[in-house]
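One structure is given below, encoded as structure tokens.
The values are calculated or read from the model by the stated rules, or taken from the named source; none is laboratory data. Model, not experiment: these values are computed from the prediction. Counting neighbours? That spans all protein chains shown, and the Cβs are built from the backbone with ideal geometry, glycine included. Surface accessibility is based on the protein's heavy atoms, side chains included, excluding ligands, DNA and RNA. Shrake-Rupley method; radii C 1.70, N 1.55, O 1.52, S 1.80 Å.
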Amino acid sequence: MRVIGLMSGTSYDAIDAAAADVRLVGDCLVLRPLGLVSERYDAELRAALAVALPPGTCSLAQVCRLDTRIGQAFAAAAVRADRELCRGQAELVASHGQTVYHWAEAGRVYGTLQLGQPAWIAEATGLPVVADFRPRDIAAGGQGAPLVSLVDLLWLRGRPGIPVALNIGGIANLTAPDGTAFDTGPGCALLDAAARECGGGLSYDAEGALAARGTVRPELLERLLAEPYYALPPPKTTGKELFHAGHLRRALSGLGALPAEDVLATLTRLTAETVADAVLRVGGTEVIASGGGTRNPVLMRMLRERLAGVAVRASDELGLPADAKEAYAFAVLGFLTAHGLPGTVPASTGARHPSVLGSVTPGRSGLRLPPATRRAPERLVVEASGAE
């Protein structure tokens, strides 16, 4: 089945659309990447989204407008991916949508909201769309995240030692071979907030340039590391409901006017420290990293220094481009849903049982899903990639 996976993470800078051929061969799930296209949100939509995200507030009218406009933006990305990567032969779209709120309190998740109305995608592409992946896991008592854990476990099965899959987006998360999976804390979320607030309105610290010129401030780092979230046992999830500009302002309170470079250097060290602590906690002997944070050389250098003796490599080395890995993962989850197969691992999310994820919006020809498959895959093989 030819599937397009759509993803926009907590940094909400762009929509990634990855296309792949996915098939089941016995107990093996085979994925052949076809490529990635990326569509940036237009400035007006990104600004509206920024205002609505925590700790901001918004009206139901704003939610409705965002749901429609994000859906239209996702639809445009899907149409482009089908045309440029699939020659118009895509069969299914799997859309993560844009997370705008993750309702977590005292270690439990009560709900989640991803915007990007899938009807716009189905109308524009004519294809069935699987969306709203997270709520079913939450309804089963899970955290609703990290949902890529099943893909990570299948993909890294059989590698020597204890390989850990790490994604560094706005929030960082990892998956260990025993199924342990959780958000480690901020990936780039606080770095982006600091770039906007302290760096003269920059949207992010490109290639860690500001951090590279700064000095880590121990007093600020100590305050940041005192956040109780880090000490919570997994499974656990978090988001910008916690790690936003207000979180940074509280940590900076009373420290005087620190140079932007020092603030960025300290926040970069915070991400490296909390990620490394999480990797060591699960006994990781190898880290397979993906996400936008891997493009920050300062962050990756600090992480490698903190994980001396642990190999840290990009997911590209194993066939999944670091920038596209999560979009490919949701393409796989969409494929599993279409075949009636669970997309969760209870050990990863804390759910009572595995669940078939998402809601399905019919395509232009109605809903024609393949026959349900009873045999769940036990491993994932990534074939040589290439667009057709």
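Against the definition (of a type in the set (Ser, Thr, Tyr), part of a helix (DSSP H, G or I), touching an Asp or Glu at 6+ places or on another chain (Cβ under 9 Å) and in contact (Cβ under 8 Å) with a residue 24 or more places away in the chain), how does SER348 come out, yes or no?
On the way: of a type in the set (Ser, Thr, Tyr): yes; part of a helix (DSSP H, G or I): yes; touching an Asp or Glu at 6+ places or on another chain (Cβ under 9 Å): yes; in contact (Cβ under 8 Å) with a residue 24 or more places away in the chain: yes.
It is true that SER348 is of a type in the set (Ser, Thr, Tyr), part of a helix (DSSP H, G or I), touching an Asp or Glu at 6+ places or on another chain (Cβ under 9 Å) and in contact (Cβ under 8 Å) with a residue 24 or more places away in the chain.
Please go through region 328-387 and give me each residue that is at pLDDT 95 or above, of a type in the set (A, V, I, L, M, F, W, C), over 21 Å from ALA139 (Cα atoms) and surrounded by fewer than 21 Cβ atoms within 10 Å (Cβ to Cβ), ordered by number.
Matches in region 328-387: VAL381, VAL382.
Say whether the condition of being over 30 Å from VAL345 (Cα atoms) and touching a Leu at 6+ places or on another chain (Cβ under 9 Å) is met by at least one residue in region 224-239. Write out each step before concluding.
We begin by selecting, within region 224-239, every residue over 30 Å from VAL345 (Cα atoms); these are 224, 226.
Still in the list and also touching a Leu at 6+ places or on another chain (Cβ under 9 Å): 224.
Within region 224-239, one or more residues are over 30 Å from VAL345 (Cα atoms) and touching a Leu at 6+ places or on another chain (Cβ under 9 Å).
Looking at (1) polar (S, T, N, Q); (2) within 30 Å of GLY179 (Cβ to Cβ); (3) open to solvent by 30 Å² or more (accessible area, probe 1.4 Å); (4) in a loop (DSSP other than H, G, I, E, B), which one does THR238 not meet, given that it meets all the others?
Single failed check for THR238: (3).
Residues that are closer than 22 Å to GLY366 by Cβ and aliphatic (A, V, I, L, M), at least 1 per element: which strands (runs of 3 or more DSSP E) completely within region 80-140 meet that?
92-105, 129-131
Filter region 351-378 for residues that are over 30 Å from ARG108 (Cα atoms) and in contact (Cβ under 8 Å) with a residue 60 or more places away in the chain and give the result. Give the steps one after another, and end with the answer.
Of region 351-378, the ones over 30 Å from ARG108 (Cα atoms) are 362-375.
Once the filter is applied, which keeps residues that are over 30 Å from ARG108 (Cα atoms) and in contact (Cβ under 8 Å) with a residue 60 or more places away in the chain, region 351-378 yields PRO362, GLY363, ARG364, SER365, LEU367, ARG368, LEU369, PRO370, THR373, ARG375.
Those residues that are among the basic types (Lys, Arg) and closer than 29 Å to ALA18 by Cα, I need them from region 264-311; list them, please. Show your work before the answer.
Restricting attention to region 264-311, the residues satisfying the condition of being among the basic types (Lys, Arg) are 269, 281, 295, 301, 304, 306.
Once the filter is applied, which keeps residues that are among the basic types (Lys, Arg) and closer than 29 Å to ALA18 by Cα, region 264-311 yields ARG295, ARG301, ARG304.
For region 311-327, which positions are within 19 Å of ASN173 (Cβ to Cβ) and surrounded by fewer than 23 Cβ atoms within 10 Å (Cβ to Cβ)? Give the derivation first.
Just the residues of region 311-327 that are within 19 Å of ASN173 (Cβ to Cβ), to begin with: 312-316, 318, 320-327.
The answer is VAL312, ARG313, ALA314, ASP316, LEU318, PRO321, ALA322, ASP323.
Counting only residues that are loosely packed, with under 14 Cβ neighbours inside 10 Å and touching a residue at least 12 places away in the same chain (Cβ under 8 Å), which one in region 51-107 is nearest to ASP183 (Cα to Cα)?
Among them, the one singled out is PRO55.
Please pick out the residue among GLY185, GLY201, GLY208, GLY169 that is under 19 Å from THR10 (Cα atoms) and without any contact (Cβ under 8 Å) to a residue 12 or more places away in the chain.
Exactly one of GLY185, GLY201, GLY208, GLY169 is under 19 Å from THR10 (Cα atoms) and without any contact (Cβ under 8 Å) to a residue 12 or more places away in the chain, namely GLY201.
Just to check your reading of the model, which residue among LEU166, LEU150 is in contact with a helix residue (DSSP H, G or I) (Cβ under 8 Å, 6 or more places away or on another chain) and either assigned to a strand (DSSP E or B) or under 23 Å from ALA73 (Cβ atoms) (or both)? Step through it out loud before you land on a result.
Numbers: LEU150 fails: either assigned to a strand (DSSP E or B) or under 23 Å from ALA73 (Cβ atoms) (or both).
The match here is LEU166.
If the requirement is being surrounded by 17 or more Cβ atoms within 10 Å (Cβ to Cβ) and over 30 Å from ALA47 (Cβ atoms), which of these qualifies: ALA195, ALA165? Before the answer, list the steps.
Details: ALA195 fails: over 30 Å from ALA47 (Cβ atoms).
Sole residue among the options that is surrounded by 17 or more Cβ atoms within 10 Å (Cβ to Cβ) and over 30 Å from ALA47 (Cβ atoms): ALA165.
Scan ALA211, ALA176, ALA181 and give me the residue that is of a type in the set (A, V, I, L, M) and out of contact with any Ser or Thr (no Cβ under 8 Å at 6 or more places or on another chain).
Values: ALA211 fails: out of contact with any Ser or Thr (no Cβ under 8 Å at 6 or more places or on another chain); ALA181 fails: out of contact with any Ser or Thr (no Cβ under 8 Å at 6 or more places or on another chain).
Only one candidate passes the filter, namely ALA176.
Listed here are the residues, each with its yes/no results for (1) surrounded by fewer than 24 Cβ atoms within 10 Å (Cβ to Cβ); (2) free of Cβ contacts under 8 Å to residues at least 60 places away in the same chain; (3) touching a Cys at 6+ places or on another chain (Cβ under 9 Å); (4) over 20 Å from ASP178 (Cβ atoms).
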| position | (1), (2), (3), (4) |
| --- | --- |
| GLY254 | yes, yes, no, yes |
| ALA260 | yes, no, yes, yes |
| ARG281 | yes, yes, no, no |
| VAL287 | yes, no, no, no |
| MET300 | yes, yes, no, yes |
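Do you know which of the residues in region 111-144 that are open to solvent by less than 10 Å² (accessible area, probe 1.4 Å) and in contact with a Lys or Arg (Cβ under 7 Å, 6 or more places away or on another chain) is nearest to ARG379 (Cα to Cα)?
The qualifying residue nearest to ARG379 (Cα to Cα) is GLY144.
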